[in-house]
Amino acid sequence: MAGALLLACAAASACAASHEQARPAREKPSRATGAPSSAAASKAAARLLPGMPPPLDPHDLYAGDRPGRLSPVVKGIPSRVYVPNTLSNTVSVIDPKTYKVIRTLQVGNQPQHVVPSWDLKTLWVNNDLGNSLTPIDPATGKAGRPVAVHDPYNLYFTPNGKHAVVMASADRALVFRDAHTMRVVKSVPVSCYGVNHADFSPDGRYFIVSCEFSGELLKVDTARMKVIGQQRLPLVGAMPQDVKISPDGRTWYVADMVADGVWVLNGDTFTRPRLLPTGRGAHGLYVSRDSRSMYITNRGEGSISVLSFATGKLVERWRLPGGGSPDMGGVSADGKVLWLSGRYNSEVYAIATRDGRLLARIPVGGGPHGLAVFPQPGRYSLGHTGVFR
């Protein structure tokens, strides 16, 4: 993180749907699927975190994220891009049709991420230094009364929708709260520094968390609300960021700004990962709408790498004309546009997923960070800037 932002944040963290043309035609789709037998389905359901909706496809965690698969909860809600500006204490609201900012909302001190709630009814603005969450009604675009939540750097939801998990970076804790009232259920102290991003296993039984300031990963038992594994990444000065699981649920990817790539990990065994170089300042990870590709933002060099899940290799690298600092974001509901904040350039990028062409560069407030594209396809949200299942 740049020095000025580190001073402003103190202990805070640094912190798609593509057409098939975004990948070479020779690449095959991910594993073919068929309807599982009733016995197999029952066995798989028994392994799920209690109360968690079963996967639509046992071989593709993102099967519910296809273009047009909007939940009835969000149908009729206008498509918008919500951009938290950490240095301006505002949220810029962009109309994706016009590429224009149509509204600016005043929120709390140092908003880091805009997070869709598990039930898709609320967008929560994480006011990290303001120690609050500001709710936004996506139907009206209006902000509500802030809810007191201490050190909400980032926010996730357990797959059964029971708990919110606050990544309390400065407090060095994972705070499990009631997903609706935000009442504290259990605070789990951690020995690492800078709890940051996360993703959940296919059965929801555990999740993996990045600790950016100490270069570590945590494995957390969801139901027991307990850290069950911890490891230091095999690179001095490692700075892990976004975490994402592959569609088949077998492989985990962890972006690392210092390692300039993504760590590739087996989450079940939680053994030593290997590094896949992608570009300078690797930061955000986003899955395409067809579950074939993952977009990796390289904030330090102004580029986006495209990884093929079928081969585990990079197939594209898109560079922003004139440079930039692509950070966090999401994919449009139709999968045609990747939206990213320009952290150090006070701007937002709209990028065509077909070929990586820059469609628009939109001025916003200072320090834009975890922007959310909403609504997106999916039955429920796991949090962050929009991780849907």
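The values are calculated or read from the model by the stated rules, or taken from the named source; none is laboratory data. Please read all numbers here as calculations on a predicted model, not as lab measurements. FYI the Cβ positions are ideal-geometry reconstructions off the backbone, even for glycines, and counts take in every protein chain you see. Surface accessibility is based on the protein's heavy atoms, side chains included, excluding ligands, DNA and RNA. Shrake-Rupley method; radii C 1.70, N 1.55, O 1.52, S 1.80 Å.
Yes or no, residue by residue, for (1) under 30 Å from Thr90 (Cβ atoms); (2) out of contact with any Ser or Thr (no Cβ under 7 Å at 6 or more places or on another chain); (3) surrounded by 24 or more Cβ atoms within 10 Å (Cβ to Cβ):
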site	(1), (2), (3)
Ala255	yes, yes, yes
Val262	no, no, yes
Pro273	no, yes, no
Glu301	yes, yes, no
Leu338	yes, no, yes
Val348	yes, no, yes
Asp355	no, yes, no
Leu358	yes, yes, no
Pro363	yes, no, no
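Looking only at the range 34-60, residues that are modelled with pLDDT under 80 and either surrounded by 11 or more Cβ atoms within 10 Å (Cβ to Cβ) or acidic (Asp, Glu) (or both) come to 6 in all. Looking only at the range 75-100, count how many residues are in a strand (DSSP E or B) and either among the polar types (S, T, N, Q) or closer than 19 Å to Gln112 by Cβ (or both). Counting residues in the range 75-100 that are in a strand (DSSP E or B) and either among the polar types (S, T, N, Q) or closer than 19 Å to Gln112 by Cβ (or both) gives 11.
Looking only at residues in the range 303-336 that are in a loop (DSSP other than H, G, I, E, B) and aliphatic (A, V, I, L, M), the one that is least open to solvent (accessible area, probe 1.4 Å) is Leu320.
For Thr98, the criteria (1) modelled with pLDDT of 95 or more; (2) closer than 28 Å to His197 by Cα hold in every case but one, which is (2).
What about Thr122, is it of a type in the set (S, T, N, Q), within 14 Å of Val348 (Cβ to Cβ) and surrounded by fewer than 21 Cβ atoms within 10 Å (Cβ to Cβ)? It is false that Thr122 is of a type in the set (S, T, N, Q), within 14 Å of Val348 (Cβ to Cβ) and surrounded by fewer than 21 Cβ atoms within 10 Å (Cβ to Cβ). Looking at the range 179-197 only, could you name the residues that are in a loop (DSSP other than H, G, I, E, B) and surrounded by fewer than 24 Cβ atoms within 10 Å (Cβ to Cβ)? If the condition is that a residue be in a loop (DSSP other than H, G, I, E, B) and surrounded by fewer than 24 Cβ atoms within 10 Å (Cβ to Cβ), then Ala179, His180, Thr181, Met182, Arg183, Val190, Ser191, Cys192, Tyr193 are the ones that fit.
All conditions but one from (1) open to solvent by less than 20 Å² (accessible area, probe 1.4 Å); (2) farther than 18 Å from Ser92 by Cα apply to Asp290; the one that does not is (1).
Summed over the range 162-178, residues that are open to solvent by less than 10 Å² (accessible area, probe 1.4 Å) and either assigned to a loop (DSSP other than H, G, I, E, B) or under 13 Å from Asp119 (Cβ atoms) (or both) total 2. Selection of the range 94-104 for residues being aliphatic (A, V, I, L, M) and surrounded by fewer than 20 Cβ atoms within 10 Å (Cβ to Cβ) yields Val101, Ile102. Within the range 224-253, the set of residues being open to solvent by 10 Å² or more (accessible area, probe 1.4 Å) and within 14 Å of Leu174 (Cβ to Cβ) comprises Arg224, Met225, Lys226, Val227, Ile228, Gly229, Gln230. Restricting the first member to the range 239-255 and to residues that are farther than 22 Å from Pro326 by Cα, and the second to residues that are surrounded by fewer than 24 Cβ atoms within 10 Å (Cβ to Cβ) and β-branched (Val, Ile, Thr), the beta-carbon pairs closer than 9 Å and six or more apart or on different chains are Thr251/Ile245; Thr251/Val264. When the residues of the range 275-284 are filtered to those that are in a strand (DSSP E or B) and open to solvent by 10 Å² or more (accessible area, probe 1.4 Å), which remaining residue is nearest to Val236 (Cα to Cα)? Out of the qualifying residues, it is Leu275. Restricted to the range 365-383, and to residues that are in contact with an Asp or Glu (Cβ under 8 Å, 6 or more places away or on another chain) and farther than 17 Å from Val125 by Cα, which residue is surrounded by the most Cβ atoms within 10 Å (Cβ to Cβ)? Looking at the filtered set, the residue picked out is Gln376. For Phe200, the conditions (1) out of contact with any Pro (no Cβ under 6 Å at 6 or more places or on another chain); (2) surrounded by 18 or more Cβ atoms within 10 Å (Cβ to Cβ) all hold with the exception of (1). Being part of a loop (DSSP other than H, G, I, E, B), surrounded by fewer than 20 Cβ atoms within 10 Å (Cβ to Cβ) and out of contact with any helix residue (DSSP H, G or I) (no Cβ under 9 Å at 6 or more places or on another chain): is that true of Thr140 here? Here the answer is yes, as Thr140 does meet what is asked.
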